[in-house]
Every structure is written in structure tokens, then in C-alpha cells.
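The values are calculated or read from the model by the stated rules, or taken from the named source; none is laboratory data. Quantities reported herein were computed from a predicted structural model and do not represent experimental measurements. Note that we place each Cβ from the backbone using ideal geometry, even for glycine, and neighbour counts take in every protein chain shown. Only protein heavy atoms, including side chains, enter the accessible area calculation; ligands, DNA and RNA are left aside. Shrake-Rupley method; radii C 1.70, N 1.55, O 1.52, S 1.80 Å.
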Amino acid sequence: MNYLSHTWVLLGSYGHNADSPRPCDYEVAGTSLPDWLSVVDRKVRVRSQAAADWLEDTDPAHSGLARGVMRHHADDAWFHNSEAFLRLSIDFARQLRDRWGDETGMRSGFVGHILVEILLDARLSVDHPWLLDYYYEAVGRVDAGKIETWVNQTSRQRSDRIAGLIPRLVSEGFLRDYVDDEKLLLRLNQVMRRVRLPELPDSVLAMFPEARDRVREQQTELLTPPRSASTES
């Protein structure tokens, strides 16, 4: 699950109408924090068990981050095991493997996985244009230095790059690029370079329109958690 999808599911837990309460900005940021850390340094991780120690902290930023991180992990657990996600990611990986002649399937499998997540965010931004503004406004209000300090108190590994990353991600507004095929390919290739995999060829653009349609058709199933899902996972 990607940034907007995590935010959408979080908001749904509060209620999607105008009179519903809203999570604090740090809880929204917490749902993105594990993915931010994978950009900074994949060795820096905040696990749910460690985050749980902060749930009753008197600082609402700390408790909000803890709730958000725990929700991120819990939502990823059910999302990545859902029939809709598995079906789409396998189908996309197969198409990519056929286009590349990817013998091991490792690169195709990785891209098939993240393509479902990114196209789901794109669909949400089309169906709910306010969601992008809500997300960026919430994340833009947090104290990035405070988040870095909290991570370094919670994770086994430390980093001095988190505080600089968060405002840069907000200023780039990269989630807005997901609705455009060519910009999406550029963003995907940024990820490929970061994980040290070969970049995607322009021929991949041909599969994006159908892939978008597939995600649109199954977005309700993709975004519906099972009744047994819990943020305490």
C-alpha cells in the first residue's frame, strides 16, 4: 500500500464525511514513515512492537506517530495478502516479464508489486482530488526534526537524513505525477535506480492504460480491509 492509500484507509477509520473527526497530522505522517525510511536507508526501521511503547506518550506527536506506524504495518499485512492485490501484481509481473524477457522474474515481480500500489494512489487522486491536498497539507505541518528524533529513539539504527527528506518530498509533490503515464515512468525509474535495478524501457508505457483500468475496476476490493484487520498487528 502506498502513501495516499494508507491515508485513505486511515481516514475511513475515522469516517469519510465532513463532520467526522480527523487524525492528527503526525498520525498521517506515521502511515508514510516506514516508506520514507526505505528511501533514506532501508536499514532504519520502526516496527509496530517498538512503536507501541509510545501509544500512551503525553506528547501527541509521539503517540500519533506510533498509531500511524502501527496502522501502516497492519494495513500492509492485509493488503499484500488480499486476493485483488495478489491477482493484479502477478498479472502485471507476467506482462512485464514477457516484454523484457526477464528470465528470473525478480525485476518484473518487484515492479508488478509497486505498480499496483502506485496506480491505486493515482486512482484515489482522480476520484478524490481533495485527498492529495489533505495529505500534503498534513505532512507539511509536521516538525520533520521531531520525527527524526523520534525515529532515532525508536529504531535500532539511526539516521540524520530524515528531517531533510520530508520537506523535500512535500515540495516535489511527486504523487501528483502518478496520473500521467510518462511522468509515472520517470518516477518508477527513480525507484529502479534507488534499488539498483535496470531502468524500465519506454515500451512499458503501452501497458499503463489497461493496468489503470484493472486497478480502477478492483479499487473497492483493494481498499476494503477484512473485518479481522487491526492496527494492533
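A few points about this structure:
- Checklist (1) modelled with pLDDT of 95 or more; (2) open to solvent by 20 Å² or more (accessible area, probe 1.4 Å); (3) under 19 Å from the mean Cα position of the chain (by Cα) applied to Met70, failing item: (2)
- Here the stretch 46-62 is the region considered, the condition is being part of a helix (DSSP H, G or I) and open to solvent by 10 Å² or more (accessible area, probe 1.4 Å), and the residue that is nearest to Leu165 (Cα to Cα) is His62.
- Residue match in the stretch 21-35 (condition: more than 16 Å from the chain's Cα centre (by Cα) and free of Cβ contacts under 8 Å to residues at least 40 places away in the same chain): yes
- Residues of the stretch 90-123 that turn out to be closer than 14 Å to Arg212 by Cα, among the β-branched types (Val, Ile, Thr) and either open to solvent by 10 Å² or more (accessible area, probe 1.4 Å) or touching a His at 6+ places or on another chain (Cβ under 6 Å) (or both), as a count: 2
- Some residue of the stretch 195-203 being free of Cβ contacts under 8 Å to residues at least 60 places away in the same chain, over 24 Å from Val46 (Cα atoms) and touching a helix residue (DSSP H, G or I) at 6+ places or on another chain (Cβ under 6 Å): yes
- The residue that is modelled with the lowest pLDDT, counting only those in the stretch 165-220 that are of a type in the set (S, T, N, Q) and surrounded by 15 or more Cβ atoms within 10 Å (Cβ to Cβ), is Asn189.
- Annotation: Arg87 fulfils all but one of (1) assigned to a helix (DSSP H, G or I); (2) at pLDDT below 95; (3) surrounded by fewer than 19 Cβ atoms within 10 Å (Cβ to Cβ); the unmet one is (2).
Per-residue answers, yes or no, for (1) surrounded by fewer than 19 Cβ atoms within 10 Å (Cβ to Cβ); (2) hydrophobic (A, V, I, L, M, F, W, C); (3) touching a helix residue (DSSP H, G or I) at 6+ places or on another chain (Cβ under 7 Å); (4) assigned to a helix (DSSP H, G or I):
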{"residue": "Leu4", "(1), (2), (3), (4)": "no, yes, yes, yes"}
{"residue": "Leu10", "(1), (2), (3), (4)": "no, yes, yes, yes"}
{"residue": "Asp19", "(1), (2), (3), (4)": "yes, no, no, no"}
{"residue": "Arg22", "(1), (2), (3), (4)": "yes, no, yes, no"}
{"residue": "Val28", "(1), (2), (3), (4)": "no, yes, yes, yes"}
{"residue": "Leu33", "(1), (2), (3), (4)": "no, yes, yes, yes"}
{"residue": "Trp36", "(1), (2), (3), (4)": "no, yes, yes, yes"}
{"residue": "Val39", "(1), (2), (3), (4)": "yes, yes, yes, yes"}
{"residue": "Val44", "(1), (2), (3), (4)": "no, yes, yes, no"}
